1. Any of B:LYS69/B:LYS131; B:LYS35/B:LYS69; B:LYS69/B:LYS100; A:LYS25/B:LYS35; A:LYS39/B:LYS69 with alpha carbons more than 26 Å apart? Name them for me.
2. Give me the number: length gained by fully extending B:SER36 to B:ILE106, i.e. 0.36 nm times residue separation minus the C-alpha to C-alpha distance, one decimal in nm.
3. Could you please rank B:LYS69, B:LYS35, placing first whichever residue has the fewest other Cβ atoms within 10 Å of its Cβ?
4. Under 5 Å between amide hydrogens, which residues at least 5 positions from B:LYS100 or on another chain qualify, with H placed 1.01 Å from N in the peptide plane?
5. Summing Lys, Arg as +1 and Asp, Glu as -1, what charge do residues with Cβ under 15 Å from the Cβ of B:GLU68 carry, B:GLU68 excluded?
6. Please report the net charge: other residues with Cβ closer than 11 Å to the Cβ of A:THR12, K and R +1, D and E -1.
7. Between A:ASP27 and B:LYS131, what is the FRET efficiency for a Förster distance of 25 Å, r being their Cβ-Cβ separation, to the nearest 0.05?
8. Output the peptides B:137-149, A:26-38 sorted from most to least packed, where packing is the average of other Cβ atoms within 10 Å over each peptide's residues.
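Laboratory data are not the source of any read-out in this text; all were calculated from the coordinates shown. Note that the coordinates shown come from a computational prediction; the quantities given were computed from them, not determined experimentally. FYI the Cβ positions are ideal-geometry reconstructions off the backbone, even for glycines, and counts take in every protein chain you see.
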Amino acid sequence: MGSLHVRPHAVTVRIGDPISTEGIKLDARGELNQTLRRKVAESIGEPG
Amino acid sequence: MLLSRLRAYLLIDPLIIGSTAVFGFLSLLASTFDKSGRTQHAIARRWARFVLAASGARVRVEGLEKLEKDASYVLVANHSSFMDTPVVLQIPLQIRFFAKQGLFRIPLLGGHLRRAGHFPVARDNPRASLKSLTDGARLIRERGVSVLLFRKAAGRPMGSASSRRARRTWRSRRACRRCRSGSPARGRCCRWDRCTCGRMR
């Protein structure tokens, strides 16, 4: 991050399954945040 | 390695900087007659394609079939490089960004970001960030655009030691904010160096 040394590379953007927020109350935002974090971690092959 | 650095510093970087200036100027011009931000977004996508081509990046987008064409989304992406912005602009949606507030203070760039409909996020000021999030929600409802935010702990691979440290720091910062409002979580705040609670240090 932050380097000016740009190198040619192959980049893959993976779009995950949408997480529905329908019916989710404000109190459940922490849980939603955790779900989101876990899904991003899974998609990039890292432990959440 | 030397050749790679020379090519980056003498060819690719000037191309990126030059194209950013040219496309930025065009986008500024466009913002005078298009208040919706759609023209600026089209220009940004062309800029992104140019920057990626100049840097030799080959971008492949997987999972486009999961997106409905006319729906609005809140996109969250991990952030590990300056090139992430042109990369995510390859997603064919009307995207507006939540960007760190410091960028909005840069002359020309800040005004341009605002006019294009992007939102500042003050990471150390939850109240101001809440206003940005509310504005983003309003824009999604009214204009049917999607918004994108890069997740916290930028630049650190998720699950790494530095990422875990960043999350711990975030927790302490959150506790510190509670401390300011007088909640019983006060005892945990003293490790956070930005804490304004003098008694706890």
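1. Details: B:LYS69/B:LYS131 28 Å; B:LYS35/B:LYS69 22 Å; B:LYS69/B:LYS100 28 Å; A:LYS25/B:LYS35 33 Å; A:LYS39/B:LYS69 22 Å.
Going by Cα-Cα distance, B:LYS69/B:LYS131; B:LYS69/B:LYS100; A:LYS25/B:LYS35 fall outside the 26 Å limit.
2. Numbers: separation 70, 0.36 × 70 = 25.20 nm, distance 2.22 nm.
Full extension of this stretch gives 23.0 nm more.
3. Details: B:LYS69 6, B:LYS35 10.
The fewest-first ordering by Cβ neighbours comes to B:LYS69, B:LYS35.
4. Result for B:LYS100 returns B:VAL121.
5. Numbers: positive: B:LYS66, B:LYS69; negative: A:ASP17, A:GLU22, B:GLU65, B:ASP70.
Here the charged neighbours net out to -2.
6. Result for the neighbourhood of A:THR12: +2.
7. Here the calculated transfer efficiency is 0.75.
8. On the way: B:137-149: 15.6, A:26-38: 11.6.
Ranked by mean Cβ neighbours within 10 Å, highest first: B:137-149, A:26-38.
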